[in-house]
Amino acid sequence: MAERPVVVPRLIERKRDGGALTAAEWRALVDGYVADRIPDYQMAALAMAVVFRGLSPDELVALTAAMRESGEQFHLADLGRPRVDKHSIGGVGDKTSLLLAPMLACLGVAVPMISGRGLGHTGGTLDKLEAIPGFDVRLSLAAARRQLERLGAVLVGQTPELVPADRKLYALRDVTGTVESIPLIAASIMSKKLAESLTGLVLDIKTGSGAFITDPAQSLVLAETMIRLGEASGCRTIALTTAMDRPLGVACGNAVEVEEAIAGLAGSGPADLMAVTIALGVEMVVAAGLTTDRADARRRVEGVIADGSARERLAQMIDAQGGDPRVVDDPRRLPGAPIVEPVAADRSGTVVEVKPRVIGHAIVVLGGGRSRADQAVDPAVGFRIPVKPGDRIDAGTPIGFIHARHPDQLPAARAALREAVVIGDVATPLPLIGHRVTVAGIEALT
Ligand code: URA
């Protein structure tokens, strides 16, 4: 029997009124949108209906599959190694990908890390990598595959052919107030990750004031939703919820974060960055099926830092992708800001907050991020913020350092740092690593 053509207004009305669409209807919508047969205004109305009505579990699986299959896929099943990626929901100072890709590659896991650019107040791995002179993130899938075979890890941007439905839909959601929807976020992220033909995926679900989802309870719902999608496709999926009520690590920007990641691979990264990186690495080892013994996984992950092999692998990856591998031994080869200015605490007390959103927006104002998609990024600018909520500090000691290009950027950057770092009496930060979520349920880690 011939399928009836979809009548888009009827589907929008059904979703608006709380009904469910079939898998065939979702596929027809996604295919029609990618082929420009369905206009933006109808897709925007449908997305808004989903924001209010949600998706049933079957609809979510159908939408994610239709998006994943909307273009080319990264076929890697014949690599002969477990294929595991890590995805972060986005934050400030989050440079764990730069450490984890070489670390897991040293452990025999293939890491096809397809990363993104900065979004809103959050930084992006691709912008950080491009701070390395010459580094090329625009590899074809064939070139990325060759690097995976040779070095076990590749850090690249999404190609135009991979999940075109998400590229189009995400741009539409960005300007129609339809980003903040758990099913739409889950379908967007998981369609891209599952197109990498992964055997395992570890999700870093950022939570707190600097995360896209600020409510810790909703973060857990997002984690469970994405885990169900991953597991339904045969991809072992594990999530950690981690704190984003303060930046991760000390460095926030692009070149400064690359420098901190390199220090981390030499065993001298900030304690919070190292704790989150090791915890995610342990889950990646488990998701890869290398061991079920978490203490063993930890020994392996810490071992590739201690013996220098992960640091060496990062240099090889930089070299393979056209970058200057000498930055690993000599970070002064990274672009440096002409002005580095400390900002002192104006009173003694306890650091109560370090607001990531304020810092993220201030990096954009310095030129280290974008307010429009077509803007270039200044790799050298940013902040180094050595204080954490709960630290006792004396008046006059630095609360942070501004890395700026021009003196006229300093007043706004100083004001942002003073707004971000709140000094008071009692700090109540979120636990650095809150929960571990698997298909079996939620485990509190505190
Ligand atoms: N990141 C994505 O890739 N998609 C979303 O919808 C939100 C964050």
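The values are calculated or read from the model by the stated rules, or taken from the named source; none is laboratory data. Everything quoted here is computed from the prediction, not taken from an experiment. Using ideal geometry, Cβ is built from the backbone for each residue, glycine included, and neighbour counts are taken over all protein chains shown.
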TODO: Go over the candidates GLY281, GLY289, GLY269 one by one and state the one that is touching a residue at least 24 places away in the same chain (Cβ under 8 Å), in a loop (DSSP other than H, G, I, E, B) and closer than 15 Å to ILE238 by Cβ.
DONE: GLY289
TODO: Run down SER197, SER219 and say which single residue is hydroxyl-bearing (Ser, Thr, Tyr), at pLDDT below 95 and more than 22 Å from ARG173 (Cα to Cα).
DONE: SER197
TODO: Return the residue satisfying two criteria in turn: it lies in the range 119-134 and is within 14 Å of the ligand (Cβ to nearest atom) and surrounded by fewer than 24 Cβ atoms within 10 Å (Cβ to Cβ), and of such residues it is modelled with the lowest pLDDT.
DONE: LEU119
Open item on the list: Being buried (at least 20 other Cβ atoms within 10 Å of the Cβ), more than 11 Å from the chain's Cα centre (by Cα) and away from the ligand (no atom under 15 Å from the Cβ) is the requirement here; does ARG83 meet it?
Closed with: yes
Open item on the list: Looking at the range 372-383, can you tell me whether even one residue there is in contact with a helix residue (DSSP H, G or I) (Cβ under 8 Å, 6 or more places away or on another chain), under 30 Å from ARG146 (Cβ atoms) and buried (at least 19 other Cβ atoms within 10 Å of the Cβ)?
Closed with: yes
Task: Residue under evaluation GLY116, criteria (1) within 16 Å of the ligand (Cβ to nearest atom); (2) surrounded by 21 or more Cβ atoms within 10 Å (Cβ to Cβ); (3) within 30 Å of ARG300 (Cβ to Cβ); (4) small (Gly, Ala, Ser), criterion not met - done: (2)
- [ ] Test VAL137 against the criterion of being among the β-branched types (Val, Ile, Thr) and away from the ligand (no atom under 14 Å from the Cβ), and give yes or no.
- [x] yes
- [ ] Take the residues in the range 328-367 that are surrounded by 15 or more Cβ atoms within 10 Å (Cβ to Cβ) and of a type in the set (Lys, Arg), then tell me which one is farthest from ILE399 (Cα to Cα).
- [x] ARG333
Task: Index of the failed condition, SER197 passing every other in (1) more than 13 Å from the ligand (Cβ to nearest atom); (2) within 16 Å of the chain's Cα centre (by Cα) - done: (2)
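Does ILE402 meet the test of being in a strand (DSSP E or B), farther than 30 Å from PRO216 by Cβ and touching a residue at least 24 places away in the same chain (Cβ under 8 Å)?
On the way: in a strand (DSSP E or B): yes; farther than 30 Å from PRO216 by Cβ: yes; touching a residue at least 24 places away in the same chain (Cβ under 8 Å): yes.
So ILE402 fits the description; yes.
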- [ ] Among the residues of the range 144-159, write down those that are within 16 Å of the ligand (Cβ to nearest atom) and not hydrophobic (A, V, I, L, M, F, W, C).
- [x] GLY157, GLN158, THR159
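Test VAL202 against the criterion of being among the β-branched types (Val, Ile, Thr) and either closer than 17 Å to GLU59 by Cβ or within 11 Å of the ligand (Cβ to nearest atom) (or both), and give yes or no.
Details: among the β-branched types (Val, Ile, Thr): yes; either closer than 17 Å to GLU59 by Cβ or within 11 Å of the ligand (Cβ to nearest atom) (or both): no.
For VAL202, the condition - among the β-branched types (Val, Ile, Thr) and either closer than 17 Å to GLU59 by Cβ or within 11 Å of the ligand (Cβ to nearest atom) (or both) - is not met.
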Task: Out of ARG150, ARG246, sole residue that is in the same structural domain as ASP272 (by TED's automatic domain parsing), touching a Pro at 6+ places or on another chain (Cβ under 6 Å) and touching a residue at least 40 places away in the same chain (Cβ under 8 Å) - done: ARG246
TODO: Any residue in the range 165-185 that's over 11 Å from VAL51 (Cβ atoms) and more than 10 Å from the ligand (Cβ to nearest atom): show its pairings with residues that are of a type in the set (Asp, Glu) and assigned to a helix (DSSP H, G or I) at Cβ separation under 9 Å, as long as the two are six or more apart or on different chains.
DONE: ALA165/ASP31; LYS168/ASP40; LEU172/ASP40
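Taking helices (runs of 4 or more DSSP H) that fall entirely within the range 13-75, which contain at least 1 residues that are farther than 16 Å from ALA186 by Cα and without any contact (Cβ under 8 Å) to a residue 60 or more places away in the chain? Break it down into steps so the answer makes sense when it comes.
Values: elements: 23-34, 40-53, 57-68.
Answer list for the range 13-75: 23-34, 40-53.
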